[in-house]
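The values are calculated or read from the model by the stated rules, or taken from the named source; none is laboratory data. What you see is a predicted model; the values in this text were computed from it and never measured. Counting neighbours? That spans all protein chains shown, and the Cβs are built from the backbone with ideal geometry, glycine included. Just so you know, the surface numbers come from the protein's heavy atoms only, side chains and all, with ligands and any DNA or RNA stripped out. Shrake-Rupley method; radii C 1.70, N 1.55, O 1.52, S 1.80 Å.
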Amino acid sequence: MTRDLRTARTGAVLTFLLAGLMCGSMTVRIPALSDKLGLSEGSVGVILLVWGLGALVTMQSMRGVMTRFGSRSILRVGAPLCAAALTLMAFAPTFPTLLVAAGLFGMAFGAVDIAMNAQGSTVERAYGRPLMNGMHAGWCVGAISAGLLGTAAIAAGLSFTAHLTLIALLSLPLLIAISRTYLPDPVVADGHETGARRRRMPPVVYLLGVIAFCAFMVEGTVADWNGLYLRNVLGAPEAVAALGYPIFEAGMLLGRLTGDRVRARFGARGMIITSGLATAATFSVVITASTALVAISAMLFVGVAVATVSPMAMSLAGDAVDNPGPAIAQTGAMGYAGLLLGPVIIGFLSDVATLGTALGIAVVLGVLIALVARFLPRRGAASAPAGSSEREFSMAA
């Protein structure tokens, strides 16, 4: 294993970590942002929606961009822009300017999210063994660090503006330095390949997009609704209810740190099926728990269960074609739609029925992950990444 390859792997993990740190820092200081500009809950919701739509719009357009420029070039531009856009959010003086800054931050993040997964797939191929779960563990570390640093910033009396500016100033030079470690995307061997064939994706990519949609929707459901469920339905104090999400993230981190070894031993297809069923089973415990302590404890196991699904979906999508970027862009865009739409659907269902009933959709999503995964090709999905060709996946399907 060459030194350059080990450096590229470290650079990819650090990119995930810093992306998680920047996004998590924005999220953890939303109350301070609300106080700074005197925003209502509805206005905060609009800001988050604009951020999410900006990311989704960029993700939907990334297939062609990834084909033309590759993940290395996009990360070298997009990652510093993320830090710059975070600074714009920090200094936005009015609600309209904040909306613009949130949209720009979302668009930059959308490009970075797809590109860093494509870069992860490129590094994974070069290694010839599963690595994507470990890279996504970097995101978990960044998100957890954002929470810890946010708590420290609040205790120190740092304003929303000062906190986000410091995070951006910390991230920017690191992202520029890391950019030298990125590998170029694989070059498609057949130079005479037609434009129509380059644009066409094998069916497995869309199956993986459905799996990613379900997994991201579960993650979004936990992130946005578990606190209200613990407080309003199970009667937990607010301080206790706030523990649900970090415990879920801790479970995600644990699952992702061990996921690559488990995948190498048992294969991705069977692992996704098992993860889907485990997600359904553990979330069933959450929504049937009689006490907050039981529900919070179950959140840890929900995190372990669902943690590896989206990284494996991205990895398999990248391995389904010669150039991983466009396939990961397609799967990532479908997956992120679940993260964006999930909390909205839960809110609608909770108005029609109850919040506890609405959260039952996460159980359904876990079962759906397992069912869709049964249609994945056995040979391609079960093997370690080794640059499988599009033809091999199409034949196996």
- If you rank THR10, THR165, THR288 by how much accessible surface each has, with a 1.4 Å probe, what is the order from largest down? THR288, THR10, THR165
- Rounded to the nearest 10 Å², the 1.4 Å probe accessible area of HIS163 is 10 Å²
- Task: Sum -39500 (n - 2.57) across every DSSP H segment of at least 4 residues in the chain, then divide by the residue count to get the 222 nm mean residue ellipticity, nearest 500.
- Result: -27500 deg cm²/dmol
- Note on the structure: If R0 = 30 Å, then LEU293 and PHE95, at their Cβ-Cβ distance, give a FRET efficiency to the nearest 0.05 of 0.15
- Mind listing the phi-derived Karplus ³J(HN,Hα) values for the range 313-318, rounded to whole Hz, using 6.51, -1.76 and 1.60 with θ = phi - 60°, and x for any glycine or proline? 4, 5, 4, 5, 5, x
- Query: How long is the gain from SER43 to ASN232 if the chain were fully straight, where each residue apart is worth 0.36 nm and the alpha carbon distance is subtracted?
  - Reply: 65.8 nm
- Query: So what's the net charge close to LEU75: Lys and Arg +1, Asp and Glu -1, counting the other residues with Cβ under 14 Å from its Cβ?
  - Reply: +1
- Rh (Kirkwood, all Cα-Cα pairs) for the range 237-332, Å, reads 14.4 Å
- Task: Take MET89, MET271 and sort them by solvent-accessible surface of the protein heavy atoms, 1.4 Å probe, largest at the top.
- Result: MET271, MET89
- Task: Normalise the Debye intensity by I(0) for the chain, one equal point scatterer per Cα, no solvent, then take log10 at q = 0.09, 0.12, 0.15 Å⁻¹ and round to two decimals.
- Result: -0.50, -0.90, -1.41
- Message: Multiplying the sequence separation of TYR206 and ARG265 by 0.36 nm and subtracting their Cα-Cα distance, what value in nm do you get?
- Response: 18.7 nm
- Note on the structure: Whole-Hz Karplus couplings 3J(HN,Hα) for the range 288-305, θ = phi - 60° and coefficients 6.51, -1.76, 1.60, Gly and Pro as x, run 10, 5, 8, 10, 5, 4, 5, 5, 5, 4, 5, 4, 4, 6, 4, x, 4, 5
- Task: In whole Hz, with x marking every Gly and Pro, tabulate ³J(HN,Hα) for the range 91-106 from phi via Karplus 6.51 cos²θ - 1.76 cosθ + 1.60, θ = phi - 60°.
- Result: 9, 4, x, 9, 4, x, 5, 5, 4, 4, 5, 5, x, 5, 5, x
- Message: Let me check against my output: what whole-number percent is the relative contact order of the chain, with C-alpha pairs under 8 Å and at least 6 apart?
- Response: 25 percent
- Describe numerically, in nm with one decimal, the distance between label points set 7 Å from Cα along Cα→Cβ at PHE69 and at THR354. 5.0 nm
